[in-house]
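Trainee: Encoded as structure tokens, here's the structure I'll be asking about.
The values are calculated or read from the model by the stated rules, or taken from the named source; none is laboratory data. These numbers were taken from a predicted model, which means no experiment stands behind them. Using ideal geometry, Cβ is built from the backbone for each residue, glycine included, and neighbour counts are taken over all protein chains shown. Side chains included, ligands, DNA and RNA excluded: accessible areas come from the protein's heavy atoms. Shrake-Rupley method; radii C 1.70, N 1.55, O 1.52, S 1.80 Å.
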Amino acid sequence: MIETVFNALTEPFSYGFMTHALLAALAAALVCSVLSCWLVLMGWSLMGDAISHAVLPGVALSYLLGLPFAVGALAFGLGSVLLIGGLRSTTDLKADTAIGVVFTTLFALGLAIVSKTPSEVDLGHILFGNVLGTSTGELVQVGVLGVLTLAVVLYLRKDLTLMAFDPVHAHAIGINTRVLHFLLLGLLALTVVTSLQAMGIILVVAMLIIPGATAFLLTRRFGRMLVWAAGLGVASAVAGLYAAYYVDVSASAAIVLTQALAFAVAYVGAPEQGLIPRARARRTAA
């Protein structure tokens, strides 16, 4: 019995492509999960959606020119951040309007490039990811960008957290919130690029929202929220790959569905904010 379980656990990763997939998924899940805590607290979920779609033309151009996808994706990701910031600072447009204008325009540009050379670019690969096809070079890119993003976020954790909870107080004590704002957006662009290979443009949005939302339901202490989000992201990556191997479904979809299952459990049974504890509290109060 023990040997059977051991074989079931080790068999998927006896293949090189599964090992690469695991490492890429872990890197993507960890970075996205940590950053998602700030996105959820600051109401920036739509920004993650915008940047993930805005990188499409950069990815398409990179494939056409034979460059690493991260080069074009990062260029257009950071460019979209600057465009959104420029629109907000030079017009009276609200944030959601500026985001909508930029990301739909760039996404349409990407679709135009792909449709012009359909034989050169696999749109499905760009949109939905191909974690099982992660090469050694792509794995190195994911690792380097992931470590860089995590290092900056953790180093500036206190300033970023204060800005998320009370930007006015952060500015009053001398923190340059404008620079910090654009830095966080830049890190978001890096995170999208990090996760692109594993999750694809569409599913990376879920990776940037669900772990932080789940952790928010489980605790109101930000330090614990980071730990919960990172733990859930990593666990979902591993469980999703096992599900993809044994059930024969899309790996990226399985990872996101595993995270969605964790969110559903937290939504129902979280100690303070879950449906069941709240119902009990109402009955007790009545």
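Trainee: Under a point-charge model restricted to the Cβ atoms of Lys and Arg (+1) and Asp and Glu (-1), what is the dipole moment magnitude of segment 1-159 relative to its Cα centre, in debye to the nearest 20? Could you put the intermediate results ahead of the total?
Mentor: Numbers: 5 positive and 9 negative charges, 88 e Å.
With only Lys, Arg, Asp and Glu charged at Cβ, the dipole is about 420 debye.
Trainee: Any idea which of THR117, GLY77, GLY269 is furthest toward the positive side of the dipole for the chain, if Lys and Arg beta-carbons carry +1 and Asp and Glu beta-carbons -1?
Mentor: Farthest towards the positive pole: GLY269.
Trainee: Quickly rank 29-37, 94-102, 76-84 as a protection proxy: mean count of other C-beta atoms within 10 Å, highest first. Present the calculation step by step, with values, prior to reporting the outcome.
Mentor: Working: 29-37: 28.1, 94-102: 16.2, 76-84: 22.3.
So the order, starting with the most tightly packed, is 29-37, 76-84, 94-102.
Trainee: Tell me, what is the per residue accessible area of the chain in Å², probe radius 1.4 Å? Kindly include the intermediate steps, with their values, before the conclusion.
Mentor: Working: 13790 Å² over 286 residues.
Counting only protein heavy atoms, the per-residue value for the chain is 48 Å².
Trainee: Classify segment 73-170: rounded, prolate or oblate, from the alpha-carbon gyration tensor (a ≥ b ≥ c, eigenvalue square roots; a/c under 1.5 rounded; otherwise prolate if a/b is larger than b/c)?
Mentor: oblate
Trainee: Rank these residues by their accessible area, most exposed first, probe 1.4 Å: GLU138, GLU272, GLU11. Spell out each step's value before the answer.
Mentor: Values: GLU138 35, GLU272 145, GLU11 80 Å².
From most exposed to least exposed: GLU272, GLU11, GLU138.
Trainee: Also: Taking the Cα centroid of segment 213-286 and of segment 62-115, what is the distance between the two, rounded to the nearest whole Å?
Mentor: 31 Å
Trainee: Now for a separate question. Using the charge dipole of segment 48-122 (Lys, Arg: +1 at Cβ; Asp, Glu: -1 at Cβ; taken about the Cα centre), state which of LEU87, ALA60, VAL102 has its Cα farthest towards the positive end.
Mentor: Ranked along the dipole, the leading option is LEU87.
Trainee: Can you pull out the trypsin sites (Lys or Arg not before Pro) in segment 203-270 whose DSSP state is coil and whose Cβ has at most 13 other Cβ atoms within 10 Å?
Mentor: ARG220, ARG221
Trainee: Sticking with this structure for a sec: Can you compute the charge dipole magnitude of the chain about its Cα centre, using +1 on each Lys and Arg Cβ and -1 on each Asp and Glu Cβ, nothing else charged? Give it in debye, rounded to the nearest 20. Could you put the intermediate results ahead of the total?
Mentor: Details: 13 positive and 12 negative charges, 222 e Å.
With only Lys, Arg, Asp and Glu charged at Cβ, the dipole is about 1060 debye.
Trainee: Still on this model: Specify whether the C-alpha gyration tensor of segment 161-248 places it in the rounded, prolate or oblate class, a ≥ b ≥ c being the square roots of the eigenvalues: rounded for a/c under 1.5, otherwise prolate if a/b is larger than b/c and oblate if not.
Mentor: Oblate.
Trainee: Just how large is the dipole of segment 211-286 about the Cα centre, in debye to the nearest 20, putting +1 at every Lys and Arg Cβ and -1 at every Asp and Glu Cβ? Can you show the working numbers first?
Mentor: On the way: 7 positive and 2 negative charges, 115 e Å.
That gives segment 211-286 a dipole magnitude of about 560 debye.
Trainee: Run lengths n ≥ 4 of DSSP H only: what is the helix-derived mean residue ellipticity at 222 nm for the chain, with -39500 (n - 2.57) per run over all residues, to the nearest 500?
Mentor: Numbers: 15 runs with 237 residues, N = 286.
Calculated mean residue ellipticity at 222 nm is -27500 deg cm²/dmol.
Trainee: Given axes a ≥ b ≥ c from the Cα gyration tensor, I'd like to know whether the chain is rounded (a/c under 1.5), prolate (a/b larger than b/c) or oblate. Walk me through the intermediate numbers first.
Mentor: Details: a/c = 1.75, a/b = 1.00, b/c = 1.74.
Since a/c reaches 1.5 but b/c is at least a/b, the shape of the chain is classed as oblate.
Trainee: Specify the residue with the greatest mean-square fluctuation among MET47, MET199, MET163, computed from a Gaussian network of the chain linking alpha-carbon atoms under 10 Å apart.
Mentor: Maximum among the listed residues: MET163.
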